[in-house]
Amino acid sequence: MTGGDGRHLGQLVYGRFPQLEEALCERVVELKGGRPLAPVTVVVGSAAVRTRVLDLLVRRLGATANVSVATLGRLASDLVAARAGVPSAVASARVRERLVRGLVARHARDVQYFAPVLERPHFAQALAATFADLREACVPPASGWGATASLPSAGASEHVHAPAGAKTADLELLYGAYCTELMRRGLLDDAGLHLTAAASLAERPLDGAAVLFGLYDLNQAQEQLARALLTGGADIFVPVPAGAPPEGLRAYAVARDLGLPSRAAAPP
């Protein structure tokens with residue numbers, strides 16, 4: 001099916017997991033269309049779901065030549081690795097934490113609110129996790145986000161009376177330095193990996209058909225990759241808890257926003 005702009009449209013299927021599993025098997029057979037070697041990629045949200053889907057396809061369909069099952073993160077890694085002219089390396093959580101420790105040491109004289117806790121063992125780890133959240137939310141550095149952010153101060157100890165705005169000022173300073181350092185070193189974090197993979201699909205579409213299966217909650221960086229796949233014609237199968245409206249699920253909303261035709265999966 002094609003949309004009004006001429007691009008190929010996949011389909012949105014939603015329902016309980018058992019219903020989606022039946023629909024997935026039917027869809028894989030349909031996508032193969034009598035062509036045993038036609039490539040089909042099933043994209044899932046976790047390693048556990050990947051194992052289950054692999055087992056499901058083998059049990060229901062037998063031999064499944066050229067059908068691969070990958071997590072969204074694994075697919076992103078493969079797309080970036082295959083992209084020409086992108087020498088960036090993916091930084092592990094430990095590497096990012098060491099990077100933050102170095103930044104904290106270099107900016108020790110520039111921070112106010114966090115000054116009393118800079119030397120605490122887990123401060124860099126917590127700060128790296130905060131930066132990961134900001135990056136996954138696609139918050140650009142030096143964008144003034146701290147001016148409107150409402151950051152709780154519960155749990156603050158001796159620095160609870162720091163000047164108003166000192167906390168967000170420190171975070172903005174360190175976050176900006178962190179983003180700059182990632183770029184300077186040619187490093188990708190998880191957010192950068194998904195965003196770069198999404199950009200690569202605009203230059204080189206995925207080979208064969210794709211089905212996003214079991215995804216329901218996406219951060220903004222993951223959403224960009226999911227959007228790129230759906231724009232390229234991928235299907236998406238969204239699990240919906242019993243009694244819950246599908247409209248509350250981010251993956252469902254993204255697919256509807258792109259105009260994908262939708263249907264509820266039939267009971268098995």
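Restricted to the range 42-84, and to residues there that are under 18 Å from Asp217 (Cβ atoms) and among the hydroxyl-bearing types (Ser, Thr, Tyr), the residue that is modelled with the lowest pLDDT is Ser46.
For (1) in a strand (DSSP E or B); (2) without any contact (Cβ under 8 Å) to a residue 60 or more places away in the chain, each residue gets a yes or a no:
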| site | (1), (2) |
| --- | --- |
| Pro205 | no, yes |
| Leu215 | no, no |
| Leu218 | no, yes |
| Gln222 | no, no |
| Ile236 | yes, no |
| Ala255 | no, no |
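Of everything in the range 169-193 that is in contact with a strand residue (DSSP E or B) (Cβ under 9 Å, 6 or more places away or on another chain) and open to solvent by less than 30 Å² (accessible area, probe 1.4 Å), the residue that is farthest from Ala23 (Cα to Cα) is Glu181. In this structure, Ala65 does not satisfy being open to solvent by less than 80 Å² (accessible area, probe 1.4 Å), closer than 22 Å to Met183 by Cα, over 21 Å from the mean Cα position of the chain (by Cα) and free of Cβ contacts under 8 Å to residues at least 60 places away in the same chain. The range 8-93 holds helices (runs of 4 or more DSSP H) entirely within its bounds, and those carrying 2 or more residues that are farther than 23 Å from Ala202 by Cα and among the basic types (Lys, Arg) map to 17-32, 47-61.
The one condition from (1) at pLDDT below 90; (2) under 30 Å from Leu206 (Cα atoms) that Gly165 does not meet is (2).
The residue that is farthest from Pro205 (Cα to Cα), counting only those in the range 221-235 that are surrounded by 21 or more Cβ atoms within 10 Å (Cβ to Cβ) and more than 15 Å from the chain's Cα centre (by Cα), is Asp235. Kindly evaluate Leu206 against the criterion of being among the hydrophobic types (A, V, I, L, M, F, W, C), closer than 23 Å to Asp133 by Cα, within 19 Å of the chain's Cα centre (by Cα) and open to solvent by 20 Å² or more (accessible area, probe 1.4 Å). Against the criterion (among the hydrophobic types (A, V, I, L, M, F, W, C), closer than 23 Å to Asp133 by Cα, within 19 Å of the chain's Cα centre (by Cα) and open to solvent by 20 Å² or more (accessible area, probe 1.4 Å)), Leu206 does not qualify.
The values are calculated or read from the model by the stated rules, or taken from the named source; none is laboratory data. This one's a predicted model, so the numbers in the text were calculated from it and none came from an experiment. Note that we place each Cβ from the backbone using ideal geometry, even for glycine, and neighbour counts take in every protein chain shown. In case anyone asks, the SASA skips ligands and DNA or RNA and just uses the protein heavy atoms, side chains included. Shrake-Rupley method; radii C 1.70, N 1.55, O 1.52, S 1.80 Å.
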